[in-house]
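Accompanying notes for the structure given below.
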Amino acid sequence: MKEFPFPQLLHSFFHEWLIQQRNVSHHTVLSYRDTWRLFLRFVAAQKKKSVAKLGRNDLTAVEILEFLNDIEQVRKSSIGTRNCRLSALHSFFRFIADREPLAAAQCAAVLSIPNKKAPTREIRDLDEEEISAILSQPNRSKIEGQRDHALLAVLYNTGARIQEALDLTPQAVRWQSPFNVRLFGKGRKERICPLWRETVELLKALLKRNPRGKDEPIFTNRYGHPLQASGVRFKLKQYAAGAAAKAPSLLSKRVCPHRFRHATAVSLVAAGVDVTVIRSWLGHESLDTTNIYARADVEAKRKALEKVDGPTRSSKPPRWKREVQLLEWLNSL
């Protein structure tokens, strides 16, 4: 039985399987491409070969586990990033499992590598004071600052993912009341989000200063090329550092574009918006994701506690305060 060379398999995976048959988004292709770039370079260094000389037999489960460990320990990436890289590799080995019977054992070993469970942390949201402090940082007298201010306003208004916002074009915006915007998210799903009049005015002012075609991205760099997410993250860190003078709580928070998405979700929950509406607003695949935000914030919990009916409270102090010795109280539990 003829065995296909590895470069041909990889080419077929990207061009025939991902693009032609599955029609995945361009962002998914780029993510998978970046994973394979990193992985092939890592294996080539380990095997002391050039990437061009690597074959399928060089890409075993052992190499993948070492690669995943390198991602976490050396590159200092998160567990989420590690799992994302593994997903791209899993997809390829599922693809060749159906085409290369002789690779069945190799594919089974790779596919048995599990995703790593990440610790679940409490989401530390940006509150309105912190958002306002950050939004006040861009120098709007300059076009770069005007662009950044408008972009951050769109992120907070819509809860868009950073790439969804960066892909925004003039034709996706409804410029008359009721104002809204069409966003294209994961899995090529389209959703419509309402816009505040203030956000629309910011976008109009930006386009007046930096005109764009109806199908061209609104947010561009100084050379007129589409703005990249990495550049937004870099600028946002600078703005957050400057905003800490007004909102010191920012010093203890990791501020990134996705935090604006969290802030939007929590604001919607606090406003009493139904969780299914929030799911549609944010473009979540599952309600389980949306339910992360469906919890009362600290202020809501405080107000709920104050509403507890007085007569239902005991007039006596808590039992642990009435005990003479703390250990006696503990022993009585």
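Observations on the model:
- Scattering curve values for the range 1-114, log₁₀ I(q)/I(0), Debye with Cα scatterers, q = 0.12 Å⁻¹: -0.41
- Rounded to whole Hz, the Karplus (6.51, -1.76, 1.60) HN-Hα couplings of the range 157-163, x for glycine and proline: 5, 9, x, 6, 5, 4, 6
- Rolling a 1.4 Å probe across all protein chains gives LYS53 an accessible area of roughly 150 Å².
- Here TYR239 sits with roughly 30 square angstrom of accessible surface, probe radius 1.4 Å.
- The listed residues CYS256, CYS107, CYS84 rank as CYS84, CYS256, CYS107 when sorted by accessible area, largest first, using a 1.4 Å probe.
- Residues with amide H under 5 Å from that of ASN180, placed H, sequence gap 5 or more: ARG174, LEU195
- In this structure, the amide hydrogen of THR220, modeled 1.01 Å from its nitrogen in the peptide plane, lies closer than 5 angstrom to those of LEU227, counting only residues at least 5 positions away or on a different chain.
- Note that the range 16-22 has calculated 3J(HN,Hα) couplings of 8, 7, 5, 8, 7, 8, 8 Hz, one per residue in order, obtained from phi through the Karplus relation 6.51 cos²θ - 1.76 cosθ + 1.60 (θ = phi - 60°); glycine and proline are x.
- Given a 1.4 Å probe and the protein chains as shown, ASP34 ends up with an accessible area of around 50 Å².
The values are calculated or read from the model by the stated rules, or taken from the named source; none is laboratory data. Note that the structure is predicted; figures quoted are calculated from it, not measured. For accessibility, only protein heavy atoms count, side chains too; no ligands or nucleic acids. Shrake-Rupley method; radii C 1.70, N 1.55, O 1.52, S 1.80 Å.
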